[in-house]
Amino acid sequence: MPFLETIRLALDSMRGNAFRSALTMLGVIIGVAAVIAMLALGRGAKAAVDAQLATLGSDVLTVTTGMRWMGGVARDQQTLTMKDADALSADSSHISAVVPEQSARQQVKLGARNLNVSVIGTLPEHARVNGYEVEYGEMFTAADNAARRRVAVLGGELPEMLQVPAASLIGATITVKNMPFEVVGIYKQKGAFGYGNPDDDVYIPLDTSRFRVAGSDEVQTISAQVAPGHDLAAAMVEIERVLRRVHALAPGRDNDFTLLDRRQFLATQQETTQILGFLLAGIAGVSLVVGGIGIMNIMLVTVTERTREIGIRKAIGATRGNILRQFLVESVILCLAGGAVGVLLGIGVASAISRFAGWQTAITADSLLLAFGFSAGVGLLFGLWPARRAATLDPVEALRHE
């Protein structure tokens, strides 16, 4: 029997039981849609992490305070100072920019509104080195830092926290530790990463922080940007060498500071989101298998209902291969039709999640092909047993069937 004739017979059979065919496809439709939506969520999360890594910059190292160890026991916490930052600026050939940060929780007031947020003293290079973008106003300048002016740049979420439109905050006066500061800029929202959320911080000139707010030369972190064309690992070795010399650490003693590559945080997030994406897709794939079992059950019922028809076809010359092919084609067509509808539904669900829930999703051609191909495989796998059962029916017994 020609293959096209087999397809025609399969379609005629499906049209004769249209409602049952639609219910049979429902499991595949839901399974394919779920796989596509879950893969879109997983890949969207990975894309968001990749974008965040790009904005952070892959050439920035961070030095933080550490512990002094004696006999394998942490004795006291060591501090970083401006002396460390100055030494890195002067003695590091692999470093193009050094940005120390002095941070502390402070009360920030605007009119009757009062927030307890991190106030960070830093240099004007902070935005460039950390990949931040000033959305409103401008960054404070080196002259502002040298003159210890009371000016501030706000993180992107602070206008919402203060319940004031961002643009109208430029030129406004906020109070930090009972001192007035003029808002000169507002950062574009960047999102939380690793160890904090920069969007709810207040940034002021470092010297203003040192001499007017904190009254100390201690800093909490030092960001070091690796010079173009220089190796990141070599820069890490150089930073360690300089700081060990400044801290007078004898050979063999542990570092009393911590050197971090920011990519480590995002690499962990990438692994987590990737595993989560595969897990979600696997759970969704279970519904496809359940749909396949439903198709197998319906096809077994169909074989029973059409036993006499099978006997007549065999009596007029149909071979086992003809019967096997016909029932397999019916099963695969059911799954392919369900897969096509499921693809459209999955795209719609992913778009709805992105639009209404605000989660980033990413639909790729390979995920569509994977879900659609898996649905065809389900039809082939779960249709094989009913098709084989139909093909092996004895024609004489089949003709006697009522």
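Please treat every number below as a calculation from the coordinates, not as lab data. Source: prediction; values computed, not measured. Glycine also receives a Cβ, built like all others from the backbone with ideal geometry; neighbour counts cover every protein chain displayed.
Projected label points at ALA18 and ASN114, each 7 Å from Cα along the beta carbon direction, are separated by 7.1 nanometres. Projection of the Cα convex hull of the stretch 211-261, averaged over all directions and equal to a quarter of that hull's surface, yields 5.0 nm².
Just tell me, in residue order, which DSSP H segments of the chain are both 18 angstrom or longer along the helix axis (alpha-carbon based) and at least -0.5 in mean Kyte-Doolittle hydropathy.
Working: long enough: 3-16 (20 Å, 0.32); 18-56 (55 Å, 1.43); 232-246 (21 Å, 0.77); 263-305 (62 Å, 1.06); 320-352 (48 Å, 1.40); 365-391 (37 Å, 1.04).
Result, helices passing both filters: 3-16, 18-56, 232-246, 263-305, 320-352, 365-391.
Which percent of the Cα-Cα distances in the stretch 154-258 go past 21 Å? Of all Cα-Cα pairs in the stretch 154-258, 57 percent lie more than 21 Å apart. Taking every alpha-carbon pair under 8 Å whose residues sit at least 6 apart, the chain reaches a relative contact order of 30 percent.
Could you check what % of the DSSP bridge pairs in the stretch 60-259 are antiparallel, to the nearest 5? If you can, show how the numbers build up before the last one.
On the way: 41 of 49 bridges.
Looking only at bridges with both residues in the stretch 60-259, the antiparallel portion is about 85 percent.
The simple spin-label model puts a point 7 Å past each Cα toward its Cβ; for HIS230 and MET161 those points are separated by 3.4 nm. A simple spin-label model places pseudo-atoms 7 Å from Cα toward Cβ; at ILE316 and ALA352 they are separated by 4.7 nm.
Along each principal axis, taking the top coordinate minus the bottom one, the Cα set of the stretch 136-215 gives 31, 30, 23 Å in descending order. The distance from the alpha carbon centre of the stretch 173-246 to that of the stretch 8-47 is 52 Å, rounded to a whole number.
Among GLU330, GLU305, which comes first, second and so on when ranked by fewest other beta-carbon atoms within 10 Å? Please report the intermediate quantities before stating the final value.
Working: GLU330 27, GLU305 11.
Ranked by crowding around the Cβ, least crowded first: GLU305, GLU330.
For the stretch 202-238, backbone nitrogen atoms closer than 17 Å to the point 7 Å from SER93 Cα along Cα-to-C-beta are found at 226-238. Quick note on the stretch 60-259: its Rg to Rh ratio, both from C-alpha atoms and Rh being the Kirkwood radius, is 1.00. Computed over the stretch 60-259, relative contact order equals 35 percent, with contacts defined as Cα pairs under 8 Å that lie 6+ residues apart.
With 27 Å as the limit on Cα-Cα distance, the pairs of LYS46/LYS188; LYS109/LYS190; LYS46/LYS190; LYS83/LYS109 that go past it are LYS83/LYS109.
If you look at the Cα atoms of the chain, you get an Rg and a Dmax of 33.2, 104 Å.
Taking a point 7 angstrom from the Cα of VAL289 along the C-beta vector, which residues in the stretch 371-388 have backbone N less than 20 Å away? Within reach of a label on VAL289: 371-386. What the Cα convex hull of the stretch 304-402 gives, in volume per residue, is 101 Å³. Dimensions of the stretch 92-185 based on its C-alpha atoms, expressed as ranges along the principal axes with the largest first, amount to 49, 25, 22 Å. Estimated from helices alone, the mean residue ellipticity of the chain at 222 nm is -18000 deg cm²/dmol (sum of -39500 (n - 2.57) over DSSP H runs with n ≥ 4, per residue).
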